[in-house]
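Novice: Supplied in structure tokens, the structure appears directly below.
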Amino acid sequence: MHPRAQLAAEAAEAAARQGRFWEYHDLLLERQKALRPSDLTSYAEELGLDGVRFAEDLRRHAGAGRIAEDVDGADLSSVCPERRPSSSTASVITAPTTSRRCPGSSGAGKRALMA
């Protein structure tokens, strides 16, 4: 995973809170090599987002919960950038919770469904 992926994802969520997720997403894809906090803020300005609100959302990590839910959802479907999905759906459903988890994720969603 990219070292700045979490912050970039939180920035995309901050843009989403202002109705501009996809435009921001496209900028992130075009400029993957420039994901420093100052870059992320400049992209928000470029899109005409409210800079104060955007910066506050980043400071508070307002999108972190949604990102964690998305990671857990990827765990449930065995989608992980570092791992190909299993060819057998049954193995995803019956596998122990720690064996199918993406690195760095909590796996809490999968554990809740399997309990």
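Novice: Once you have all Cα-Cα distances for the range 5-62, histogram them in 5 Å bins from zero and send the whole-percent values.
Specialist: 4, 23, 40, 25, 8, 0
Novice: Right, another one. For the range 5-62, what relative contact order do you get, as a whole percent, if you take Cα pairs closer than 8 Å and at least 6 residues apart? Kindly include the intermediate steps, with their values, before the conclusion.
Specialist: Working: 43 pairs, mean separation 25.4, N = 58.
Across the range 5-62, relative contact order equals 44 percent.
Novice: Another one. Full-extension gain between Arg17 and Ser38, please, as 0.36 nm times their residue separation minus the C-alpha to C-alpha distance. Show your work: numbers first, answer last.
Specialist: Working: separation 21, 0.36 × 21 = 7.56 nm, distance 1.92 nm.
So the chain would gain 5.6 nm between Arg17 and Ser38.
Novice: In addition: Explain nothing, just compute: Karplus ³J(HN,Hα) = 6.51 cos²θ - 1.76 cosθ + 1.60, θ = phi - 60°, for every residue of the range 34-49 in order, whole Hz, x for Gly and Pro.
Specialist: After applying 6.51 cos²θ - 1.76 cosθ + 1.60, I find 10, 10, 5, x, 5, 5, 4, 5, 5, 5, 4, 5, 4, 8, x, 6 Hz.
No lab work stands behind these numbers, since they all come straight from the coordinates. The model shown is predicted, which means the values in this text are computed figures rather than measured ones.
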